[in-house]
Amino acid sequence: MKTWKHISLWMDELDHKVIARPCLDRDRDVDVAIIGAGFTGLWTAYYLKQQAPQLNIVILELQTSGFGASGRNGGWLMGGMLGESRALSSLSPERRKVAYQLLHAIPDDVHAVLLREGIDCHYRKAGVLNCAARYPEQATRLRHELQALYAEGHDENDYQWLNSQQLADHVRIPGAYGAIYSPHCATISPARLVRGLADAVERLGVTIHDHSPVKSWCKREVRTDKACVRAQWVVPAVEGYAADFASLRKIQIPVQSMLVATEPLPAELWARIGLNQGQALSEHSRQVTYAQRTLDDRLVFGARGGYRFGGRLRSDFQLTENEIGLRRMLMESLFPALRGVRLSHAWGGNLGMARRFRPHMLCDKQQGIALAGGFGGEGVGATHLAGQTLADLILERETCRVEEPWVLREKSLSTLATWEPEPCRWIAYKGIMSAFANEDRVLADPYTTPWRRTLASKIATSLERLMR
């Protein structure tokens with residue numbers, strides 16, 4: 001039997017249940033052809049069938065559901081969207097409130113589907129902790145961020161400051177300065193969700209063809225190496241795999257996220273760490289760390305990944321010693337009790353990043369294209385909203401979802417922002433990542449002089465602004 005351990009811990013857990021569906025072997029005429037059986041494609045199919053059961057929908061998948069980013073991520077189901085504050089800043093307070101209610105409802109909306117469809121993905125909604133854990137500048141930044149969130153209309157029901165003692169009720173990080181806590185996040189096993197969702201859309205009458213790589217797509221037509229699908233609507237739900245298609249590769253570039261997982265840890269170790277309710281955990285630095293305690297008592301820990309010259313996809317996720325070592329170092333700096341613990345899994349995946357870090361949901365009626373993507377590391381939740389929104393756009397339903405600023409109605413692909421050509425991207429990436437690493441190294445050293453700390457942060461902050 002083919003092993004899925006190299007894909008992720010999550011897929012390895014489902015090894016005995018991962019059975020491929022038949023590939024596409026004949027031409028078909030359908031209403032909607034979806035490219036990709038990940039979260040975006042499956043949620044779109046699900047909500048189309050909920051609203052219009054008569055639609056004939058086919059999904060074409062490169063490998064099998066969960067092979068891409070949907071089965072490889074950190075398992076955070078967030079009630080938010082990448083760049084939401086900037087996207088909503090120009091709206092009136094009333095419109096902003098509606099938009100944030102829409103975003104914050106994502107975990108509960110997904111949970112309702114889990115109950116309705118009988119999907120067990122280890123859903124636990126215990127919120128997220130964004131911690132100032134390793135140096136005092138983190139606490140200063142977090143407090144400024146909290147004030148900005150309150151200025152946008154949020155209150156303590158959405159985001160709350162926890163001092164070090166209050167934080168210890170959730171997680172025990174030696175020397176932590178505090179954290180922002182938000183209830184709008186759940187943790188899940190993403191592979192269980194994506195596989196369960198694939199089964200659910202099949203029960204609704206959607207046909208999924210595995211091992212059917214799409215070679216090309218254009219106006220109302222999708223081609224594999226074996227057959228052609230003609231459709232009224234084409235939905236390229238490919239996220240990081242946009243790099244495989246000429247019309248998308250400058251719009252959504254692939255970046256790599258990488259994670260490790262410990263072996264199941266004994267109760268005495270967890271008594272020293274916490275995270276008893278399934279809280280999501282991040283440490284507020286430009287290393288972009290994220291973690292969760294799994295239902296079988298592992299710690300899954302990830303950090304900022306990489307970018308390959310030319311926006312090339314990465315297929316080999318046998319992580320190097322340096323890639324594993326960085327994540328181990330960051331994990332052990334937060335939890336010294338885990339020093340030397342055995343890591344059972346190490347993996348990564350390609351996710352899609354839009355220029356200016358602004359996700360998009362687009363509808364081009366003339367070409368028959370509906371597209372969503374660029375969700376970065378927040379796609380587990382954002383794809384649910386995207387699926388609902390694309391279904392609304394295709395079915396011409398006037399809902400609050402289609403009025404949000406990330407929705408581009410009656411627009412073509414050419415209206416989306418594109419990334420700069422190489423070698424500009426590569427040079428910028430290398431320089432920015434070097435500045436980020438230097439800042440983290442300088443600030444994590446308590447003996448660094450104040451002027452060096454200030455300089456390192458100013459350089460990193462300036463370069464981060466250039467990215468946006």
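Assuming 0.692 mPa s and 37 °C, estimate D for the chain with Stokes-Einstein, Rh taken as the Kirkwood radius over Cα pairs, in µm²/s. It comes out at roughly 144 µm²/s.
Does region 236-332 come out rounded, prolate or oblate, given a ≥ b ≥ c as the square roots of the eigenvalues of its C-alpha gyration tensor, rounded meaning a/c under 1.5 and, failing that, prolate meaning a/b above b/c? Here region 236-332 falls in the prolate category. As a calculated quantity, the FRET efficiency between Ser315 and Asp155 at R0 = 35 Å, using C-beta atoms, amounts to about 0.15. Computed extension gain for Asp25 through Ala168, at 0.36 nm per residue and net of the alpha carbon distance, reaches 45.8 nm.
Atom-type composition of the exposed protein surface of the chain places 51 percent of the accessible area on carbon and sulfur (1.4 angstrom probe).
A crude spin-label estimate for the pair Arg425 and Arg143, with each label 7 Å from Cα along the Cβ direction, gives 4.0 nm. Taking a point 7 Å from the Cα of Ser344 along the Cα-to-Cβ direction, the residues of region 235-277 with backbone N closer than 20 Å to it are 258-277.
If you count, for each residue, the other Cβ atoms within 10 Å and average over each peptide, how do 216-224, 129-137, 17-25 line up from highest to lowest? Spell out each step's value before the answer.
Details: 216-224: 16.7, 129-137: 22.4, 17-25: 15.1.
Highest mean packing first, the order is 129-137, 216-224, 17-25.
With all pairs of separate Cα atoms included, region 80-213 yields a Kirkwood hydrodynamic radius of 17.4 Å. Between Gln50 and Arg203, the distance separating the two model label sites (each 7 Å from Cα on the Cα→Cβ line) works out to 1.4 nm. Per residue, region 293-435 exposes 41 Å² of solvent-accessible protein surface, assessed with a 1.4 angstrom probe and all protein chains in place. To the nearest 10 degrees, how steep is helix 39-51 against the longest Cα principal axis of the chain, on a 0 to 90 scale? With both axes taken from Cα atoms, the answer is about 50 degrees. Working from label points 7 Å from Cα in the Cα-to-Cβ sense, the Thr399 to Glu221 distance is 3.3 nm. Residues Lys430, Lys365, ordered by accessible area of protein heavy atoms at a 1.4 angstrom probe radius and largest first, appear as Lys430, Lys365.
How long is the gain from Leu295 to Ile324 if the chain were fully straight, where each residue apart is worth 0.36 nm and the alpha carbon distance is subtracted?
Values: separation 29, 0.36 × 29 = 10.44 nm, distance 2.27 nm.
Length difference between fully extended and current span is 8.2 nm.
Straight-line cross-link partners of Lys365 among the lysines, defined as a Cα under 24 Å from its Cα and at least 8 positions apart when in the same chain: Lys49, Lys215, Lys219, Lys250, Lys411. Using alpha carbons only, how many degrees (0 to 90, rounded to 10) separate the axis of helix 321-334 from the longest principal axis of the chain? It works out to around 50 degrees.
So for region 161-205, considering every pair of alpha-carbon atoms, how many percent are separated by more than 13 Å?
Numbers: 659 of 990 pairs.
I get 67 percent for the Cα pairs in region 161-205 exceeding 13 Å.
Computed on the Cα trace of region 308-371, the radius of gyration divided by the Kirkwood hydrodynamic radius gives Rg/Rh = 1.20. To the nearest ten degrees, helix 379-394 and the longest principal axis of the Cα atoms of the chain are 30 degrees apart.
Indicate the gyration tensor shape class of region 413-456 (rounded, prolate or oblate), computed on the Cα atoms with a ≥ b ≥ c the square roots of the eigenvalues: a/c under 1.5 is rounded; otherwise a/b larger than b/c is prolate and the rest oblate. Prolate.
The values are calculated or read from the model by the stated rules, or taken from the named source; none is laboratory data. Please read these numbers as outputs of a predicted model, since none were measured by experiment. Here the Cβ is made from the backbone with ideal geometry for all residues, glycine too, and neighbour counts use every protein chain on show. Side chains included, ligands, DNA and RNA excluded: accessible areas come from the protein's heavy atoms. Shrake-Rupley method; radii C 1.70, N 1.55, O 1.52, S 1.80 Å.
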